[in-house]
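Below: one structure in structure tokens.
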Amino acid sequence: MVAIMAIKVHGKDSHAGRSIYNGLTFSAVGTAYYSNEEKHSLSLIGGLTFFLVGHLYYISGFNHSSTRKFASSWSSWIIPISTYFGVFSIIIQFILPSTPFEWIVPVFLYGTVVATVFWKAIDASLATGHAESVLGALVLAISDFILGYSQFVGPIKNGQLLFMVTFYLSQILISKFALNNKLLY
């Protein structure tokens, strides 16, 4: 998928396109760390670091694909902000209580980034009329929830498979958003 996006991004100089491409690339490296059979803290730290950087690139890409010209009133912020707090509260309620002390701050910050990706995806969808950003970000949040739950709360039956399926589905949807908005060609 990253190779296809690399071909598409060549020739179009778009900040949003480059950001989404970089997000896909960092996320792909993150899955390589996470799918390592020998689960140890270095794999978890490496994988989460690459996922985090990928998420930050998605925020930048979604932010630059939405100009906010369509709405300047406070009411245009209700849906994105309430969704942000909804996603964030799920992470806090289910994962943080079981998180070891040394991981509380990183998990809290990571949850903030996940919620922000979702918020900016809604913003981009409202601005462009393409829902793939929201669907991709929602499935990405679900994959992150599966990852966090299985790491800090307890195993999930077929958790690795569920994580990988939801993760790659999110990447396809985010790529489709970028392609539909001509950010990459």
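The values are calculated or read from the model by the stated rules, or taken from the named source; none is laboratory data. A quick note: this is a predicted structure, and the numbers were derived from the prediction, not measured. Neighbour counts run over all protein chains shown; Cβ positions are idealised from the backbone, glycine included. Keep in mind that these areas ignore ligands, DNA and RNA; they rest on the heavy atoms of the full protein, side chains included. Shrake-Rupley method; radii C 1.70, N 1.55, O 1.52, S 1.80 Å.
Give region 125-155 a look and list any residue that's without any contact (Cβ under 8 Å) to a residue 60 or more places away in the chain, more than 13 Å from the chain's Cα centre (by Cα) and open to solvent by 50 Å² or more (accessible area, probe 1.4 Å), or say none.
Correct list: G129, H130, A131, Y149, V153, P155.
Regarding region 89-98, can at least one residue be identified that is modelled with pLDDT under 80 and either of a type in the set (G, A, S) or open to solvent by less than 40 Å² (accessible area, probe 1.4 Å) (or both)?
yes
Now a separate question. With the checklist (1) modelled with pLDDT under 80; (2) over 25 Å from Y33 (Cα atoms); (3) buried (at least 18 other Cβ atoms within 10 Å of the Cβ) in hand, flag the one item I122 doesn't pass.
(1)
Next question, about the same structure. Among V117, V107, which is the only one that is under 12 Å from the mean Cα position of the chain (by Cα) and assigned to a helix (DSSP H, G or I)? Steps first, answer last, please.
Working: V107 fails: under 12 Å from the mean Cα position of the chain (by Cα).
Every option except V117 fails the conditions.
Right, here's the next one. Taking into account only those residues within region 167-177 that are out of contact with any Phe, Trp or Tyr (no Cβ under 9 Å at 6 or more places or on another chain) and either open to solvent by 70 Å² or more (accessible area, probe 1.4 Å) or among the β-branched types (V, I, T) (or both), which is farthest from V87 (Cα to Cα)?
Step by step, filter region 167-177, then rank; the result is K176.
Then there's this: Just one of the numbered conditions (1) at pLDDT 90 or above; (2) of a type in the set (S, T, N, Q); (3) open to solvent by 20 Å² or more (accessible area, probe 1.4 Å) is not true of N180; which one?
(1)
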